[in-house]
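Written below as structure tokens is the structure these notes are about.
Where a number appears in this text, it was derived from the coordinates with a stated rule and is not lab data. The shown structure was predicted, so the numbers you read here are calculated from the model rather than taken from an experiment. Cβ sites come from the backbone with ideal geometry, for glycine too, and all protein chains shown count toward neighbours.
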Amino acid sequence: MRIEAVAAVLVVGIKKCPKRKEKPSAPYVPQIAVTEVAHGLDAINIEKTATALPGGTDEINRKNRQVMFELVLRLHSTDHGRRLKPPREGAPPVYHSITSFNHSKLNSHKIERRFGQIISARYGGQRLGRSHLARVVIPPMERSAYIAGCYSQRRTVGVQNGPRIPILSFRTQYAPILITLAQTFVAKEFLKVALANFTNASVDLPVKQAWATVLKATLVDHAKTATLFLSSRCGAQGLFSHNEIFSQHAWILGLSIAEGDNILGLCIRLASELLQERYHCRGHRSADFNNLVLPKSELIVRAIGHRMAYDAALDANLDKSVTDLYLASAMALDPA
């Protein structure tokens, strides 16, 4: 039995999870093999396989020379020639290393296999992950709006020995907070509509990929803009990691390129396919296409997402003040 390696979960270094009362100093189950060298955005076509062998063992093999592995370096596992990469700053890191496999045998406990429920990467696994990555940016937006609102209520200005007012009373302070809140309300309704289409068995896979791409491009852009803008409205305190806003911004930046799903690359692909009427036209590698279409690809996809999110909010009968504020914030992004 062969398994798409992307659908397997590799458990490294231990036979079973120890029972401990104290909180462990490091995770026990790392993330695994989400892409390969030279695949990147083409992670859906990785060449790595996991084969279930008689006797309960598994064999991991690769056709590609090198496999990109995401491992927590504090874990100790069998040495397959890993070359550790330097640590990165910003988003909470899962340290990277490069390794390779040549018919490596693993005991059955080291791979979690859900036969009958395996999601093939070619049939929606990566698209499903893309939609979930878009989903998790909503709570950081809500937290950032709440933190910035509390700060703006607490921080006051005024003349010496005179009355003082909270900075929340200034339009420049409350406008981005309200816009962020409006975007979270609309994003939740957009997410419901997108997931309903995404989980509809009658919807073609290319259309599901388009839904996932538009959802991620729209919501991640809202979250990146909101967290960066709100952190600047909190002064120096907005840069402190324990106040979370700026650290959440860095985390969202990391999420926006997770698993090879770089948003710009996804938007270029989707915009190109839309303009080509779903792969039928040629000439998308011409100089004119490169100069005129590629720079606008992300804007095209985000504009589509704004309209779809707005329509979802109207269908959900959200308060008119919320939908009007979302519409105004989306129109403000139009260069025209």
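Under the combined filter of DSSP loop state and at most 16 neighbouring Cβ atoms within 10 Å, the stretch 189-266 retains these chymotrypsin sites (Phe, Trp or Tyr not before Pro): 240. The calculated FRET efficiency for the pair residue 192 and residue 169, based on their C-beta separation and a Förster distance of 25 Å, comes to about 0.10.
Computed from the C-beta positions of residue 290 and residue 331, the FRET efficiency with R₀ = 35 Å rounds to 0.75.
With 5 Å bins beginning at zero, the pair-distance distribution over Cα atoms of the stretch 124-331 amounts to 1, 7, 14, 16, 17, 15, 12, 7, 5, 3, 2, 1, 0, 0, 0 %. The modelled label-to-label distance between residue 207 and residue 320, using points 7 Å beyond Cα along the C-beta direction, is 3.4 nm. When each of 319, 221 is scored by the number of other beta-carbon atoms lying within 10 Å, the sequence from fewest to most is 319, 221.
Take the Cβ atoms of residue 239 and residue 161, set R0 to 30 Å, and the FRET efficiency comes out at 0.45.
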